[in-house]
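Notes follow the structure.
The values are calculated or read from the model by the stated rules, or taken from the named source; none is laboratory data. The structure presented is a predicted model; accordingly, all values stated were derived computationally and were not measured. Cβ placement follows ideal geometry from the backbone for every residue including glycine, while neighbour counts extend to all protein chains displayed.
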Amino acid sequence: MSMLAERVDGVIGVDTHRDTLAAAVVTHLGGVLAKTSVNADAAGYQQLLDFARAHLPGRRCWAIEGAGSFGAGMAGFAAQHGEQVVEVGRPKRPARRTGAKSDALDAVRAAREALGQDRLASPRRRGEREALRVLLTTRRCATLARVAAIGQLKALIVGAPEELRTELRGRSTRSQILYCASLRERPARSLEHRMTVRALQATAQRIGCPQAEADQLQAELTALVGAVAPWLLEVPGVGPLSAAQVLVSWSHAGRFRSEAAFAALAGTSPIPASSGQVTRYRLNRGGDRQLNRALHTILLVRLRIDPDTRAYIARRAAEGKSRRDAKRCLRRVIARQLFRLLERYDRPGVEILRAT
């Protein structure tokens, strides 16, 4: 019997969609007590809560699929009313092609899978954490849009008439963008030349829009991180963007059972890759890649400014590890330090740790 089944009398499994929510009340032994379907709005959330209280008045838990997307509203509503909420992935369905499929059956499967798991994920916190997430996501999209526009500009330059290519050859990317943005119509030139100038001008001007947007969002992120966790910015190598990503991935104290679980999410936990008489570990390419990228950025900054970090890398190299493996070990150390600091962030007098 799983730990959850020992703690509750039953589970309300919820299969989420954009407009509707399907729910099923399942006992701690797996029996189905009742099913229902409601609209995914405030009135529907209240109906679902009343439904759960009527059919499962004792100890209960909500197993909500997609608590960070379609189920975010229901998860937040239940948590506000003191309900225990866990997040489950997409329910496993029978492997046979004829396996039954319906929203009600998916809700039952979600509840039973929650009962059958020893380790359950709690939904990520909203509020300040969600504010950071939406700003980070929007800034990332703006940055990608700028990179795509620069690639398009470079492609236009490659295929441009020779006269234009000569004007732009040898310039830096920034200089090419500024030059193309200031191009004017050339009535005396051929149609191909005039239209290429127009395309270069429009593309170069478009590059500036996402850059300005990204700069503005970064300023807002810096201010928000400074208000939420100013102590995190005092950690060596941690900037506003890295701090925001760490806070978004960590979410809240108690969400992870241990620092090893946080390291696994960050993709910094070592993966055994031993064979024969060789005992070694390799890079973990799973987990939250944005969090892994943030830790890598912190590592690179520390290598540049922190003598203790450079000494750590040198010590690992003396032990026979490659520079790549030494960096993998250091990312694991950084993940451990950040996790311990985050778990006790609200305590006064927190000591800022260094990479050693």
(message) Being among the charged types (D, E, K, R), under 27 Å from residue 253 (Cβ atoms) and surrounded by fewer than 16 Cβ atoms within 10 Å (Cβ to Cβ): is that true of residue 344 here?
(response) yes
(request) Sort out which residues of segment 295-344 are touching a helix residue (DSSP H, G or I) at 6+ places or on another chain (Cβ under 6 Å), without any contact (Cβ under 8 Å) to a residue 12 or more places away in the chain and of a type in the set (S, T, N, Q), and write them in order of number. (result) none
(message) Just the residues that are over 14 Å from residue 16 (Cα atoms), in contact with a Phe, Trp or Tyr (Cβ under 8 Å, 6 or more places away or on another chain) and in a strand (DSSP E or B), please, taken from segment 26-54.
(response) 34
(request) Considering only residues that are at pLDDT below 80 and of a type in the set (A, V, I, L, M), look in segment 272-296 and name the one that is nearest to residue 327 (Cα to Cα). (result) 283
(request) Find all pairs meeting these conditions: Cβ atoms under 7 angstrom apart; at least six residues apart or on different chains; first residue within segment 261-290 and outside the structural domain of residue 326 (by TED's automatic domain parsing); second residue surrounded by fewer than 13 Cβ atoms within 10 Å (Cβ to Cβ) and of a type in the set (Phe, Trp, Tyr). (result) none
(request) Examine segment 190-197 for a residue that is buried (at least 18 other Cβ atoms within 10 Å of the Cβ) and at pLDDT below 95, and state whether such a residue exists. (result) yes
(request) Of the numbered conditions (1) modelled with pLDDT under 90; (2) of a type outside the set (Ser, Thr, Tyr); (3) touching an Asp or Glu at 6+ places or on another chain (Cβ under 9 Å), residue 349 fails exactly one; give the number of that condition. (result) (3)
